[in-house]
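A short worksheet on the structure shown next.
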Amino acid sequence: MSSLTRMLAVLTLFEKNVPTLDADTICARLGYSQPTGYRYIAELVRAGLIARIGVGAYGLGPRIIELDYSMREADPVLGAAKPVMADLVLATGGDATLAACYGDHFVTTHHHAGPEGMSLSYGRGRPMPLLRGALSKCLLAWLPRAQQQRIYQRGMAAQDPPPDDLAERRASWTTIRKQGFAVSIGELDPGVVAVAAPVFDGEGAILAAVAAVLRKQRYDLVNKAQLNDLVIDAGRRIGRAVAVPSLLQGSAE
């Protein structure tokens with residue numbers, strides 16, 4: 001790993017159940033020498049990415065909040081997705097969610113709540129299971145084969161095993177690519193169904209995945225083909241707006 005990657009790895013240690021850490025624990029968990037670890041911590045503090053909290057303890061810093069605000073306001077994918085997701089909620093009566101891939105991780109980047117007030121387990125900013133859920137399946141289906149294999153292996157190592165082997169899983173990803181969408185029923189939240197479709201950039205690479213999320217009772221009553229088409233169209237609209245910003249400006253007007 002580069003020095004920058006090693007330094008930024010410090011940020012990955014802070015979680016909901018581990019909000020603060022002391023410098024020695026940070027060094028020990030990442031296997032850094034104290035001089036190296038202390039230098040990284042000092043640089044991250046200067047950048048505002050971590051902050052001193054109490055005596056000898058550190059937590060995530062205010063720059064993280066500032067960056068999150070900037071992303072909400074300026075990220076072109078989010079800017080393109082928000083009005084489309086609002087339309088998807090109106091059309092389906094459910095919620096709409098957006099997820100993206102960074103490295104070998106999937107994270108929810110936006111959640112537009114619908115009229116039923118569902119409480120979903122994976123809201124904005126929460127890492128998603130790698131092998132479960134329509135959004136993760138959809139992202140996986142269009143990733144390069146080597147990355148698919150890495151993520152599959154990480155999912156297995158995280159004790160999130162699929163009910164099949166890699167060959168069978170690849171066959172399911174091929175099916176998703178052919179039909180243009182992925183479906184999950186109760187995989188992340190009991191009684192909840194998600195239908196997800198890809199969002200591509202102008203060169204055909206996958207940027208994100210968008211999903212309509214419905215209670216199972218509602219899903220059982222809707223026209224499945226129409227719902228699938230609505231989600232696929234939402235993904236295409238977001239991709240077009242990202243590739244041609246004037247489309248986004250026009251929708252805003």
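The values are calculated or read from the model by the stated rules, or taken from the named source; none is laboratory data. Because the structure is predicted, anything quoted here is derived from the model rather than measured. All Cβ positions, even for glycine, are placed from backbone atoms using ideal geometry, and neighbour counts span all protein chains on display. All accessible areas refer to the heavy atoms of the entire protein, side chains included, with ligands and DNA or RNA removed. Shrake-Rupley method; radii C 1.70, N 1.55, O 1.52, S 1.80 Å.
Here are some notes:
- Selection status of ALA100, touching a residue at least 24 places away in the same chain (Cβ under 8 Å), among the small types (Gly, Ala, Ser), open to solvent by less than 60 Å² (accessible area, probe 1.4 Å) and part of a strand (DSSP E or B): yes
- Contacts under 6 angstrom Cβ, first residue in region 122-150 being more than 25 Å from ASP68 (Cα to Cα), partner open to solvent by 70 Å² or more (accessible area, probe 1.4 Å) and assigned to a helix (DSSP H, G or I), 6 or more apart: ALA141/ARG177
- Residue among GLY59, GLY54, GLY114 that is part of a loop (DSSP other than H, G, I, E, B) and surrounded by fewer than 19 Cβ atoms within 10 Å (Cβ to Cβ): GLY54
- Test for ARG236: is it closer than 18 Å to THR97 by Cβ, of a type outside the set (S, T, N, Q) and in contact with a strand residue (DSSP E or B) (Cβ under 9 Å, 6 or more places away or on another chain): yes
- Test result for ALA80, open to solvent by less than 50 Å² (accessible area, probe 1.4 Å) and over 19 Å from TYR122 (Cβ atoms): yes
- Selection status of ASP201, open to solvent by 20 Å² or more (accessible area, probe 1.4 Å), modelled with pLDDT under 95 and in contact with a Gly (Cβ under 9 Å, 6 or more places away or on another chain): yes
- Candidates LEU207, LEU188 - the one that is under 17 Å from ASP233 (Cα atoms) and open to solvent by 40 Å² or more (accessible area, probe 1.4 Å): LEU207
- Some residue of region 206-228 being hydrophobic (A, V, I, L, M, F, W, C), out of contact with any His (no Cβ under 8 Å at 6 or more places or on another chain) and more than 21 Å from THR92 (Cα to Cα): yes
- Residue check, ARG72 free of Cβ contacts under 8 Å to residues at least 12 places away in the same chain and within 28 Å of TRP142 (Cα to Cα): yes
- All positions within region 1-48 that are open to solvent by 30 Å² or more (accessible area, probe 1.4 Å) and either part of a loop (DSSP other than H, G, I, E, B) or basic (Lys, Arg) (or both): MET1, SER2, ARG6, LYS16, ASN17, PRO19, THR20, ARG29, GLY31, SER33, ARG39, ARG46
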